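Asks: After the structure tokens below, expect a handful of questions from me.
The values are calculated or read from the model by the stated rules, or taken from the named source; none is laboratory data. All values reported here derive from a predicted model rather than from experimental measurement. Cβ: placed from backbone, ideal geometry, glycine included. Neighbour counts: every protein chain shown.
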Amino acid sequence: MASKQSLPKENSTPPPPDIEFCATLHQSPLTSDSEPWTTSTRLAQSGERFTPESHLNILTFLLQNPNLNSSILFRADILYDSLGDLKTPEQLERDLTGCNEDKVIIQAENQEVAPLPAADYPGFEWKRTVVRKLIPRNQNRDQPLDQTCHFYKGSAGAELCKQRDLVVYIPHTISEQDTPFYHPAVRALALLYDFTPASGNPTNSQEATGTISVHFLPFSSETTDTISYRLQRTLLGFLSTQLRLSRKSVTSPDMANRKKAVEKDNLIPQHVLQNTYARLKDIYAPDLIAKWVEQTEPSKHVFEDISIAAFLIELWKTMYKPVRFSSVTNIPEEKSKAQTENKPPDFPGFVDIACGNGVLVHILLSEGYHGWGFDARRRKTWSIYPNSTQEHLSQSICIPEPFMEALNARGAAEVQINDETQIHTGVFSKETFIISNHADELTLWTPLLGALSNFDNPLPFLAIPCCSHSLSGVRYRYPPPKSASASSKDDKKISPEEGTQQQTSKDSNNNDNNNSTVSAGHEEVDQNPQPATGDLKALRTRKLQERSHPDLPSSAYGSLTAKAISVARELGYDVETTLLRIPSTRNIGIVGGMKAATATKERRYDQTSSTTAREQNNNLAGSEIHGNGNGNGEFVKDTKGLVRHIVERESRRDGGLEAAAQLWLDRSLGLQKGKGRGKVKGDMRN
């Protein structure tokens with residue numbers, strides 16, 4: 001509820017009250033004998049055109065997102081809604097993860113909070129009550145606060161020409177000293193919206209006008225003629241946020257009904273994720289930041305990897321049995337065979353490809369999840385970890401198996417790779433969970449490596465795309481995905497694979513000297529023709545937005561994400577996408593193989609012989625591809641043949657498989673050159 005502000009420094013003197021603002025304070029129309037409400041002319045804004053419906057939609061949205069009013073807050077957990085529209089944390093957890101019913105009941109009992117009584121206000125009728133718990137980011141410093149929110153509507157007999165909406169926020173506190181810093185030090189806060197519809201058309205916002213105002217009830221029973229400067233800022237910030245969001249409903253009428261390309265909190269409930277994040281941050285962040293040895297600013301990298309670790313831990317809880325070790329809880333022993341008949345599989349281990357500074361690997365290992373990570377060059381940060389982490393970090397170059405085979409066929413690998421360079425072909429242990437966190441060149445390879453590692457059951461993965469590269473590692477901007485209507489028309493003429501082949505063949509024809517960088521650059525220009533006229537400043541703004549905004553399918557990032565999803569689905573992966581709560585604009589998470597990893601029944605395709613899948617696919621490697629995965633977790637029989645087909649198809653833009661493999665090798669070896677980039681010896685953990 002507080003405005004966006006930082007905590008005051010110790011021994012700092014608070015600024016004096018704003019005399020000019022205090023002179024505008026006056027008695028509120030909500031005042032009664034027992035409640036001396038106060039407002040100000042500067043806490044009101046007239047001439048607004050947003051409708052009462054839009055206003056209420058924003059109010060409801062802010063009930064669960066108080067962080068938009070205060071950066072000190074994480075969220076608000078809904079404890080009670082008299083209408084039943086807003087879900088409690090237990091209901092959200094049950095809907096998304098199907099958590100244990102007993103656990104839900106226990107949590108509900110612990111969080112049951114009775115709403116404070118609703119007062120009567122002349123000219124208003126009570127309509128709804130919501131109880132929420134405000135959750136601060138740092139609960140070691142700030143305590144959560146329960147708050148009752150009462151909604152009122154103007155009664156039929158009061159000012160028929162107006163539509164009136166009132167919401168009153170009452171903190172569950174008894175004094176100013178009892179009120180957390182992030183909440184205004186008042187007994188109650190109110191937001192009133194008086195809307196006068198256009199004559200004859202109550203929905204015509206072009207002629208209608210409204211006045212929105214903030215009112216507050218001080219702890220003192222006497223009339224208030226002065227308030228602190230901080231409370232003034234908080235109240236003005238509260239009004240500003242409401243106005244900013246409500247006005248968007250006028251400039252973008254379809255904003256409320258617009259569905260984002262990628263949803264947030266659709267895989268893991270927000271409260272579950274943020275609780276785990278807060279726990280991990282308290283445990284690991286101080287030590288990691290204090291020992292940071294890289295030149296980069298530590299907090300951004302540390303907090304981002306802690307956020308990703310929290311997501312993975314909660315995701316894995318929905319896919320696998322809990323690990324035996326945790327920094328906070330002791331997992332109970334298995335109780336009986338009957339209770340574990342339908343238990344999920346054991347955690348299979350993880351591999352973090354292009355693990356960078358290794359923070360994510362360190363946290364996951366410390367939380368009891370076994371796995372390892374590798375990167376093309378060793379990072380200084382690796383030295384700050386205990387031996388138990390360092391022995392699971394490896395300096396290795398990943399040359400995917402199809403490229404390695406192409407290089408070996410002409411002896412290029414033996415000539416260019418010395419004995420000290422460690423190579424990994426991207427074939428991992430069966431069932432391993434692949435983490436591809438801003439892995440750049442390996443982003444598109446992620447589902448392909450999963451399929452190559454286990455033909456029967458391609459490995460599950462989390463990919464977080466960042467910079468756009470082709471399979472050869474060359475920077476490349478993929479064309480935006482076609483609309484559904486355009487795709488359906490094209491499907492009648494040509495298959496997706498044939499279309500890609502024609503496009504990549506065109507690229508190859510334009511690339512006589514195998515200069516893939518030039519070829520990719522030409523294609524990017526063709527994909528983005530420049531208009532002959534227009535506002536250059538506006539054009540630049542639009543282009544920058546297209547390149548980075550994940551919700552725009554025509555952006556470079558959106559196109560890369562769509563391409564990664566397309567490749568995964570072509571291989572048969574079931575794919576889920578979610579907006580991760582990480583401090584980065586590159587925050588789309590692609591989760592592949594979630595359903596397949598948790599399936600307890602037999603594979604969903606027929607086994608035709610007793611030979612291993614690798615033997616079957618080796619025999620079929622050069623044969624015709626008979627079909628693609630359907631994107632529902634049902635993998636095709638000839639997985640290796642399909643992978644090879646995709647790799648060859650995508651390599652055509654770089655001059656073919658051998659040329660793409662050589663480009664990859666040259667770039668990979670270049671990553672290990674330079675001062676201070678030593679090598680690490682050890683197993684490759686195939």
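Asks: Condition first: touching a Gly at 6+ places or on another chain (Cβ under 7 Å), of a type in the set (Val, Ile, Thr) and farther than 23 Å from residue 423 by Cβ. Now tell me which residues in region 351-388 satisfy that.
Replies: 381, the sole residue that qualifies.
Asks: For region 376-386, which positions are over 13 Å from residue 294 (Cβ atoms) and either out of contact with any helix residue (DSSP H, G or I) (no Cβ under 6 Å at 6 or more places or on another chain) or not assigned by TED's automatic domain parsing to the domain that holds residue 461 (or both)?
Replies: 386
Asks: What are the residues in region 578-588 that are outside any loop (DSSP other than H, G, I, E, B) and in contact with a helix residue (DSSP H, G or I) (Cβ under 7 Å, 6 or more places away or on another chain), if any? First the steps, then the outcome.
Replies: We begin by selecting, within region 578-588, every residue outside any loop (DSSP other than H, G, I, E, B); these are 578-579, 588.
Answer for region 578-588, where residues must be outside any loop (DSSP other than H, G, I, E, B) and in contact with a helix residue (DSSP H, G or I) (Cβ under 7 Å, 6 or more places away or on another chain): just 588.
Asks: Here's another thing I want to ask about it. Under 19 Å from the mean Cα position of the chain (by Cα) and at pLDDT 95 or above: which single residue out of 288, 315 fits that description?
Replies: On the way: 288 fails: under 19 Å from the mean Cα position of the chain (by Cα).
Unique residue meeting the criteria: 315.
Asks: Pairs needed: first member in region 555-574, in a loop (DSSP other than H, G, I, E, B); second member anywhere, β-branched (Val, Ile, Thr); C-beta distance under 6 Å; at least 6 residues apart or different chains.
Replies: 572/636
Asks: Next up: Please go through region 259-284 and pick out each residue that is surrounded by 18 or more Cβ atoms within 10 Å (Cβ to Cβ) and among the small types (Gly, Ala, Ser).
Replies: 278
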